[in-house]
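Here, each number is a calculation from the coordinates, and none is a lab measurement. Quick caveat, the model's predicted, so the values are computed rather than measured. Every residue, glycine among them, receives a Cβ derived from its backbone with ideal geometry; neighbour counts consider all protein chains shown.
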Amino acid sequence: MMRTASRFLVATAVTALVPAIVSAQSWSDQPVHPEDHEAAAAVSYEDGGMYYNEDDILTYNVGEDGTVDWLTFSGFRRYHSECHVCHGPDGEGSTYAPKIKNSAVHMDYYDFYDVVVNGRKNGNSVMPHFGDNPNVMCYLNDIYVYLKARGMDAIPRGRPGKKEAKSDMIQEMENACMG
Ligand code: HEC
């Protein structure tokens, strides 16, 4: 009896500690098991060439022949012009900046936005703030959707081959954002 009880207590203590340890790390350090995130990534509806999950959060769409939605394709290009110097090609991470393809799966959409808009500092590890940079801000949805597709292994590394056309709505939003 005593043994069982103490073993139970130890297990409880360890479980209670795990969230504390995990939260001290970057989201990117946590491996992605795509099957755990299928529901959050699944397309619930499409609007103006953009795809949303059941919580109205943007997600990617990959057709049976590998055709990607416009945001995923555009995000690939924007990521590789603004983020990859630190975060490595294809969102894979580098020795000094995290593997943000994982972060895009684990982090809440709004937390992801928050880090990019405001930046983050952890000792010598600095994520710059991009809130005043239209080349990032006007394409942050694209970058987010692209990284989520990468984190979920829905698309391979490298430039997506086939893509959907850019919708009028996406073009209008881009024009309005870029001014
Ligand atoms: C100058 C290098 C640099 C550039 C450019 C950069 N980042 Fe970062 N980023 C970092 C570093 C370093 C961290 C880790 C900060 C920390 O330790 O808190 C980070 C952290 C992040 C995180 C949080 C990851 C997590 O798991 O908590 C996100 C999200 C992020 N970056 C997105 C982006 C995006 C999107 C871009 C391109 C628009 C970008 N970064 C460009 C250096 C950079």
Roughly what angle does helix 140-151 make with the longest principal axis of the chain, taking Cα atoms, 0 to 90 degrees, to the nearest 10?
50
For each of Phe76, Phe130, count neighbouring Cβ atoms within 10 Å of the residue's Cβ, then give the residues from fewest to most.
Phe130, Phe76
With label points set 7 Å from each Cα along the Cα-to-Cβ direction at Ser94 and Asp47, the distance between them in nm comes to 3.7
Listed with the fewest Cβ neighbours within 10 Å leading, Met127, Met137, Met169 appear as Met169, Met137, Met127
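In deg cm²/dmol and to the nearest 500, what is the mean residue ellipticity at 222 nm of the chain if only DSSP H runs of at least 4 residues count, each as -39500 (n - 2.57), divided by the residue total?
For the chain, the value works out to -14500 deg cm²/dmol.
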What distance in nm separates the simple spin-label points at Lys121 and Leu58, each placed 7 Å from Cα in the Cβ direction?
2.9
In degrees, nearest 10, range 0 to 90: what is the angle between the Cα axis of helix 70-82 and the longest Cα principal axis of the chain?
80
Neighbour-count order for Lys148, Lys166, Lys101, Lys121, fewest beta carbons within 10 angstrom listed first:
Lys121, Lys166, Lys101, Lys148
Give the distance, in whole Å, between the Cα centre of segment 47-99 and the Cα centre of segment 114-167.
6
Under 10 °C and 1.306 mPa s, how fast does the chain diffuse according to Stokes-Einstein, given a Kirkwood radius computed over C-alpha pairs? Answer in µm²/s, whole number.
90
Taking Cα atoms, the helix 168-178 axis meets the longest principal axis of the chain at an angle in degrees (rounded to 10) of 80
Test item: Cα-centred dipole of the chain, Lys/Arg +1 and Asp/Glu -1 on Cβ, debye:
1000
Give a residue-ordered list of calculated ³J(HN,Hα) values for segment 113-126 (Karplus: 6.51 cos²θ - 1.76 cosθ + 1.60, θ = phi - 60°; whole Hz; x for Gly, Pro).
4, 4, 5, 6, 5, 9, x, 7, 10, 9, x, 7, 8, 10
Please compute, for the alpha-carbon atoms of segment 115-179, the extent along each of the three principal axes and give them in descending order in Å.
43, 34, 14
Per the Kirkwood treatment, what hydrodynamic radius in Å, one decimal, follows for segment 59-119 from the mean inverse distance over all distinct Cα pairs?
12.6
